[in-house]
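See below for the structure under consideration.
The values are calculated or read from the model by the stated rules, or taken from the named source; none is laboratory data. Fair warning: this is a prediction, and the values are worked out from it, not measured in the lab. Reconstructed Cβ throughout: ideal geometry from the backbone, glycine too, with neighbour counts over all protein chains shown. Side chains are part of the model used for accessible areas, which takes the heavy atoms of the whole protein and leaves out ligands, DNA and RNA. Shrake-Rupley method; radii C 1.70, N 1.55, O 1.52, S 1.80 Å.
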Amino acid sequence: MATTALFFLFAGLAIACAISTVYHKNPLYSAVSLIGVFVSLSCIYITLAAPFIAAVQVLVYAGAIMVLVVFVIMLLNLDDDKPLQRLNYLYAVGAGLGLILLVQTFFIFYAVVKAPNKPQEESGVGKTLSIGSAMYTEYLLPVEIVGVLLLMAIIGGVILARRLSQPELELVVDNELEKRHENDQDDFRIAM
Amino acid sequence: MEEILKTAFPLIVAVVGCSIAFVIVMGVVAYTVLAERKVLGWIQGRIGPNRVGPWGVLQPFADLLKFIFKEDLVPDKSTKFIYFLAPVLAVTCAMMPMVVYPFGPAITTIDWSFLPFGLGEGIRQLPLVVARIDVAVLYVLGVTSVGVYGIALAGWSSNNKYSLMGGLRSSAQMISYELAMGASVIGVVMLAGTLELNGIIEAQSKSPFRWYIIPQFIGFLVFLIAAFAETNRVPFDLPEAETELVAGFHTEYSALKFALFFMGEYINMFTVSVMGTVLFLGGWYMPGLSHLFTVGSIPYAVVSFLIFMVKVCGFLFLYIWIRGTLPRFRFDQLMNFGWKFLLPLALVNVLLTIIVVYFLNS
């Protein structure tokens, strides 16, 4: 009974935070609401006896990724008065994706109801040991592939963010100046 | 009735346990503040606070009263909701790790099965920890990493350039040093083979070196430095460098809201001290103590608890000592040090530990 009550508490919190993520005009409020979604999801994982996944959810999503998002929002200090008109077509895409999600959810409900109701034997699913041994024996290849993917992302990030050497830097600056000069001339011509 | 009692009983036990842990932690934290002022005074050739009560022992309560009765100023142009949320987040995230602190070994008690409705079924031990979570190390790291938001959001919502700079600096610093801290813990976890704090202490008591500080010396060094940076303490207190940023992220906070940040910082210090004690100094375990007392008896638990507290207070003293000794880093030095020295060092330590553990097991 307590588990059910907790599930509805955290599920309601997650949905409320998700709605607030979408509806807030101020990007920082949206980011904070998204953190709320992640934290409530991790609470649900705990009630499902998967403490490792819950801890990783908080550590990775709420603790690392969202900090970067908040960081960028704080640095850019976006103007929150200006409504974004150019993203209107996304409403249609969002509606389509939402419909697919709804169908999927109903399918899952259907599958759960139809499935034979047999008691789950006590297993260590969700425990650190079982996750670790599964990752490095049964699912070794996917883990390796994801590892390589992450390594590529790291290298890409370093290349994008690295300081240019002096001759390269001068080249970039010259190009940029030339472009601005042309733009200025265009503006001048329009003004004439 | 029986159903409700069965649901409520563990909850009541947990609440009582949390309250006891809360009182212990808050007591230690309050006197850490006094100890800091006293010890800093001695280091600088002053006396320190000595007016309130004999030898100044009532100073923390006087400070608290002062914070409560001060006027609470809210900047006009601040983002109100987030401005109020930030100190709450900071202090909540600091307090959450309390439930996994292993204060001492389990005490063997009488059989509690005489309780009605089978409430005490099979309970013969009183563990001195609120919750034995399977992933306690990850839990502590995760919850403290959420604490960054308290500081970052406080800086942003105050609508003050010094606060914003302080908030940005602290979030950059905390995400950088979190990595090094996490990597330094991996060695210990590999040696112990568990993420559970009491399990790590028991594994240390069985290992040939007794305390993991000996085989994991590099890890301990990295952990110690990262812990100082994580808690924004000297020499890494860039977020509140008063010569550059007034008071950093909490410039615009006054009265009890400032007190919450202050408390959060000191509870975080306590948390990393507990983590350092448990992971590297054997927690409540003392070699030879089990020969003096029977394991599971009350005197054994009390002495172990005192040993644990002495170790934690040693850590806290180190914090104060370093604050009285070292100057502050520059921000680029801090970032370079964290990413280019500390993190590689922690990773080398992980590699070495992997090799050693592999050959020990094969």
Condition check: at positive phi, buried (at least 18 other Cβ atoms within 10 Å of the Cβ) and away from every other protein chain (no Cβ under 14 Å). Does B:ASN232 satisfy that?
yes
Filter result for A:ALA2 (small (Gly, Ala, Ser), surrounded by fewer than 18 Cβ atoms within 10 Å (Cβ to Cβ) and touching a helix residue (DSSP H, G or I) at 6+ places or on another chain (Cβ under 6 Å)):
yes
Of everything in segment B:1-25 that's touching a residue at least 24 places away in the same chain (Cβ under 8 Å) and away from every other protein chain (no Cβ under 13 Å), which residue is nearest to B:LEU115 (Cα to Cα)?
B:GLY17
Out of everything in segment A:39-58 that is open to solvent by 40 Å² or more (accessible area, probe 1.4 Å) and not in a helix (DSSP H, G or I), what residue ends up being farthest from B:ILE133 (Cα to Cα)?
A:LEU48
Where in segment B:177-261 are there helices (runs of 4 or more DSSP H), lying wholly inside it, with at least 3 residues that are at pLDDT 85 or above?
B:197-206, B:217-230
In segment A:20-38, which residue that is facing chain B (nearest Cβ under 9 Å) and surrounded by fewer than 20 Cβ atoms within 10 Å (Cβ to Cβ) is farthest from B:VAL137 (Cα to Cα)?
A:ASN26
Counting only residues that are at pLDDT below 85, open to solvent by less than 50 Å² (accessible area, probe 1.4 Å) and under 30 Å from B:ARG124 (Cα atoms), give me the helices (runs of 4 or more DSSP H) lying completely in segment B:1-113 with at least 2 of them.
B:2-43
Restricting the search to segment B:142-152, which residues are part of a helix (DSSP H, G or I) and either in contact with a helix residue (DSSP H, G or I) (Cβ under 6 Å, 6 or more places away or on another chain) or open to solvent by less than 10 Å² (accessible area, probe 1.4 Å) (or both)?
B:GLY142, B:VAL143, B:SER145, B:VAL146, B:VAL148, B:TYR149, B:GLY150, B:ILE151, B:ALA152
Against the conditions (1) touching a residue at least 12 places away in the same chain (Cβ under 8 Å); (2) more than 7 Å from chain A (Cβ to nearest Cβ); (3) over 28 Å from A:PHE52 (Cα atoms); (4) open to solvent by 10 Å² or more (accessible area, probe 1.4 Å), where does B:VAL129 fall short? Just the number, please.
(3)
So, in segment B:133-160, exactly how many residues are within 11 Å of another protein chain (Cβ to nearest Cβ) and farther than 16 Å from B:GLU265 by Cα?
11
Determine whether segment A:72-81 contains at least one residue that is outside any helix (DSSP H, G or I), touching a helix residue (DSSP H, G or I) at 6+ places or on another chain (Cβ under 8 Å) and modelled with pLDDT under 80.
yes
Among the candidates B:PHE258, B:PHE262, residue that is of a type outside the set (Val, Ile, Thr), in contact with a His (Cβ under 6 Å, 6 or more places away or on another chain) and open to solvent by 30 Å² or more (accessible area, probe 1.4 Å)
B:PHE258
Does segment A:136-159 contain any residue that is loosely packed, with under 10 Cβ neighbours inside 10 Å, modelled with pLDDT under 90 and more than 30 Å from A:PRO51 (Cα to Cα)?
yes
Specify which of the listed residues (B:TYR139, B:TYR162) is surrounded by 22 or more Cβ atoms within 10 Å (Cβ to Cβ) and in a helix (DSSP H, G or I).
B:TYR139
